[in-house]
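Just so you know, all these numbers are worked out from the coordinates, no wet-lab data involved. Quick caveat: nothing in here was measured; it's all calculated off a predicted structure. A quick note on method: Cβ atoms are made from the backbone with ideal geometry, for glycine too, and the neighbour counts reach across all protein chains shown.
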Amino acid sequence: MTEKEQEPRLFSLSRIWTIALNTLTESLRQKVYLILILFALVLIASASFFSQFGLGEPGEQEAMEQLKFMKDFCLGAIAVFGMLIAIVGTAQLLPNELENRTIYTILAKPVRRCEFLLGKYVGSALLLLVSVAIMSLMFAAALKFKGDNYLRLIRGAAGPQESSVEWEQMQRQVERIRATVYDTDLAKALLLAYLKLALLAGITLFVSTFGTSIIFNVAVTVMIFFAGHLVGAAKERWLESGVAQFLFSLIPDLGMFNVADDVILGNAIPWLYVLQVAAYGMVYLVAVLAAAVCVFAEREV
Amino acid sequence: MRRRVGRQRRESLIGSAFGFEMDAIRTEHLTKKYNLGWGRGRLLALDGLNLRIRPGEVYGLLGPNGSGKSTTLKLILNLVWPTSGTAWIFDVPCTRVASRRHVGYLPENPYFYRYLTGAETLEFYGKLCGLRGASLRRRIDELLELVGLARARDRRLAGYSKGMLQRIGLAQALIHDPELLLLDEPTAGVDPIGSRDIRDLILRLKQMGKTVLLSSHLLSQVQDVCDRIGILNLGRKILEGEVVPLVRDQRRLCFTVQDLPPHGREAVEAAVVAAGGRIVSVEHPQTSLETLFLEALGRDERGAGEHD
């Protein structure tokens with residue numbers, strides 16, 4: 001027997017992946033998530049439905065307003081349902097493992113505690129990825145359907161045999177609506193929304209390594225969530241105090257991830273900003289997972 | 001650190017060459033105090049336990065509830081940490097992940113992932129142990145057959161009975177063919193047939209040369225399967241020894257005689273007294289309720305079979 005066989009490697013990606021897929025399967029088979037996703041889909045559908053009532057003349061102004069409203073509503077719905085899945089879904093992972101004693105059977109195998117914890121996190125992040133991807137695809141499909149509807153109405157109102165001046169004006173309207181529908185900045189907003197949720201799941205898991213119940217985990221994480229949205233403004237308010245700046249920097253600045261308003265107003269979002277925020281999220285996530293691993297290593301199960 | 005492990009390994013190899021056998025489990029002064037929190041002091045769950053379990057042995061840990069049986073198993077598996085003392089599995093300190101490579105564990109009253117089927121459960125645990133592909137699938141089929149769950153393989157565990165959960169628990173403990181099994185109350189809450197099956201399974205594992213450490217408070221079963229027992233009370237080991245000599249009553253002797261006529265009995269009694277013995281009791285042996293129960297069920301199933 002060689003020394004290499006004596007002790008398994010520091011950690012094994014395949015064991016992490018096994019635990020992650022198990023976590024994902026477990027979550028997907030609990031109908032709660034399907035209901036949440038379904039509920040989000042219903043909201044998205046209703047967003048495109050009740051804006052139909054506001055439609056008087058199929059003018060460009062009207063169409064742009066409706067499309068903006070729909071984006072606003074759907075991005076908001078994705079953020080809220082994503083947040084519910086991230087917090088509630090992750091907060092119950094460790095308490096359930098302890099309650100069902102499944103954690104004993106896993107840690108009694110040659111599995112490291114950090115592998116177990118990271119596996120649980122990856123499972124959560126995968127669940128969020130699946131949920132956000134499904135909601136985003138439905139959102140994109142609804143937006144395209146709605147946009148195409150307006151384009152047909154505007155083209156139909158103009159008619160084929162109009163004079164060239166009106167034709168060009170109509171073409172410009174069509175272009176503006178197409179730009180609103182096929183807006184690549186939407187993808188950036190959704191990407192940042194996902195990163196924010198993935199970070200939130202990491203924070204929730206960290207809280208649950210020392211939390212004693214699901215309700216505690218949810219409550220603390222929700223408080224961090226709100227603090228994370230206020231901290232950006234607070235930092236600007238107390239610019240001169242070094243201590244305050246240090247304390248604020250411990251709280252994740254979740255407000256940075258929210259670019260939905262800019263997207264809706266049509267303000268361009270530079271890739272540099274997306275990368276900066278993504279890098280901030282990654283650094284914070286690695287730190288919070290490292291803290292979670294350290295706390296969990298000291299916890300008796 | 002690596003170098004130290006290597007030296008330990010060599011020492012144990014040298015040890016076995018000279019005829020000292022490596023212990024399957026060894027604990028030295030294993031002590032566990034649980035903090036009760038908020039100034040309520042500490043609970044002494046286990047008090048200086050010394051245990052040596054030889055390879056191939058079935059060892060029963062007995063004791064009332066709260067005597068430290070489960071704590072002992074958890075300490076050996078490094079699920080909780082000792083306040084003082086140390087434990088080794090096959091001479092590897094239990095704080096090392098490698099010590100758990102040859103161990104299977106069945107916790108008390110196990111619940112597994114309710115949403116997985118029996119086969120998926122075994123697949124999950126098999127993968128954690130590094131099994132893959134065709135060999136894993138073969139192993140799953142073998143184990144489901146062994147514990148009698150082949151027909152329930154594609155049912156979710158949410159629909160399993162207590163006895164079935166216990167059996168799938170045994171199967172997951174066996175998935176990587178470990179040398180050592182730690183079974184915490186393996187027959188708790190299982191009906192007599194199920195517990196007889198589990199008892200037979202433990203005996204079969206023993207024939208295969210596995211080492212088993214089980215905890216129980218069902219004394220008759222322990223007597224049937226264990227080579228040695230230790231009795232714990234309030235965290236302290238108060239008795240230990242081989243089962244057969246421990247329970248043998250050296251002063252008494254029991255004959256079981258069949259078809260003896262009445263005058264024969266008088267002659268036997270007279271002979272006993274003449275030889276200096278004293279008759280304590282003469283009675284008809286009773287069949288156990290368990291035998292009666294199993295026979296009745298056996299008859300019923302045969303009857304049902306004839307109707308089909």
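What to note about this one:
- Here the label points at A:TYR273 and B:ARG302, each 7 Å from Cα along the C-beta direction, are separated by 8.4 nm in the simple model.
- Here the mean projected area of the convex hull built on the C-alpha positions of chain A is 21.4 nm².
- Helix axis angle, B:192-207 relative to chain B longest principal axis, alpha carbon, degrees: 70
- Too-long pairs where the Cα-Cα distance tops 20 Å, listed order kept, from A:LYS68/A:LYS144; B:LYS32/B:LYS206; B:LYS74/B:LYS162; A:LYS120/B:LYS33; B:LYS33/B:LYS74: B:LYS32/B:LYS206; B:LYS74/B:LYS162; A:LYS120/B:LYS33
- Placing pseudo-labels 7 Å out from each Cα toward the beta carbon at B:GLN258 and B:VAL273 gives an inter-label distance of 3.0 nm.
- Potential extension, A:ARG299-A:ALA234 segment - 0.36 nm per residue separation minus Cα distance: 20.0 nm
- Mean Kyte hydropathy of -0.5 or more with a Cα span along the axis of at least 18 Å, helices from DSSP in chain A: A:13-29, A:31-50, A:60-91, A:113-158, A:184-210, A:214-237, A:271-297
- Degrees, to the nearest 10: B:162-174 long Cα axis against longest axis of chain B: 60
- In degrees, nearest ten, helix B:2-17 long axis to first principal axis of chain B (Cα): 30
- Modelled spin-label separation between B:GLU142 and B:LEU292, with each label point placed 7 Å from Cα along the Cα-to-Cβ direction: 4.2 nm.
- Cα shape, the range B:262-307, gyration tensor, a/c 1.5 rule: prolate
- Inter-centroid distance (Cα atoms) of the range A:122-200 relative to the range B:180-216, Å: 63
- Per-pair calculated FRET efficiency, R0 = 35 Å: A:VAL80 and A:ARG152 via Cβ, rounded to 0.05: 0.65
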